[in-house]
Amino acid sequence: MSLTSSIPKFLLGKTQMISTVLFTVLFSLVSLLLMVPLSLNNWFRMGLGPSMVFTVSYWIIALVFLCLSRRLLHKMRSRNITYLGLVSWHLAEVIILSLLYTVVTIVGSSKGYIVEAYNSFWSVLGLALCFCIFGIGVPTVIAAQYFAICDKDNTIRLMNFNSVVSDEKPSSVNDNRIMLYDNNGTLKLVINSENLYFIESDDNYIKVWYEDSNADIKQYMLRCRLKTVEESFAGSDLLRCHRKYIVNMRKVEIFSHNKDGYVLDLGLDSLAEIPVSKTYEEKVLAHFNSMNR
């Protein structure tokens, strides 16, 4: 891993962003309350008076700023964001909040609303940078490590039933089964790959579209990333054709081109055509060519 490597997309998920912001605010508040009794040059106070007003006001502004910053970062998740870019983004947050703290401190101190031992802009800024780096950096790193560990469990495994202890004779039908797990590693769905039509992404969830024993089309939703599915089924007939779709190519009956690009028709009126984005056109075409050989 290098600074120019792309970051895992799960770090920019909506749930991850919200959780990280809440954890950062809680971590910073607890740290601040523990540090205040040890310092006489900090205007953050819990109680009646101007210092309390400044404390609450700054905290609300900081929270709103972090929410807007992380929301914007979440909207940019489709771009190729590197570790260097992410670190630079968080450093920018630190600098902006430190400058805000410094300005509030200098202005409030000059008007006599708050008492601050250091009235120099640079001295106050230095203290603010130290606290913001600690208050934002530490919880962000901890949250990232936690989500990285959780992501390892966010796997949909393509399993061969030969590795399962059973008194049944192995069969080609059983060998085609796949097991679908949620983020917590809990088995949610066992399905024959021959009955699977496509898998659709829905934010942090996926929808599995399949045919049941009564030949009815059903969908099953579970919490998982489509990227994990793509990696699990690499080399099989389940192929990613769009940022939102993975399709069982054996179920495709018509591969055509319209004004919006290539589409895959699965031959059922109840299922809409699946679009093929330009990013995956060559991969889909190559797969069709290999199937027709």
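Every read-out reported here was derived from the displayed coordinates using simple, explicitly stated rules and does not represent laboratory data. A quick note: this is a predicted structure, and the numbers were derived from the prediction, not measured. Heads up, the Cβs are rebuilt from the backbone with ideal geometry, glycines too, and the neighbour counts pull from every protein chain shown.
Spin-label model, Ala215 to Ser31: label points 7 Å out along the Cα-to-beta-carbon direction sit 6.3 nm apart. Across the cross-link table entries Lys75/Lys244; Lys14/Lys251; Lys188/Lys244; Lys75/Lys251; Lys218/Lys278, which are compared at the Cα atoms, the separations over 27 Å belong to Lys14/Lys251; Lys75/Lys251; Lys218/Lys278.
Multiply the residue gap between Leu189 and Ile60 by 0.36 nm, knock off their C-alpha separation, and tell me the result in nm, one decimal place.
On the way: separation 129, 0.36 × 129 = 46.44 nm, distance 4.41 nm.
Residue separation times 0.36 nm, minus the Cα-Cα distance, leaves 42.0 nm.
When 1/r is averaged over all different Cα pairs and the result inverted, which Kirkwood radius in Å belongs to region 171-293? Walk me through the numbers before you get to the answer.
Values: mean 1/r = 0.0667 Å⁻¹.
The Cα-based Kirkwood calculation yields 15.0 Å.
For the pair Ser290 and Met76, label points projected 7 Å from Cα toward Cβ lie 3.6 nm apart.
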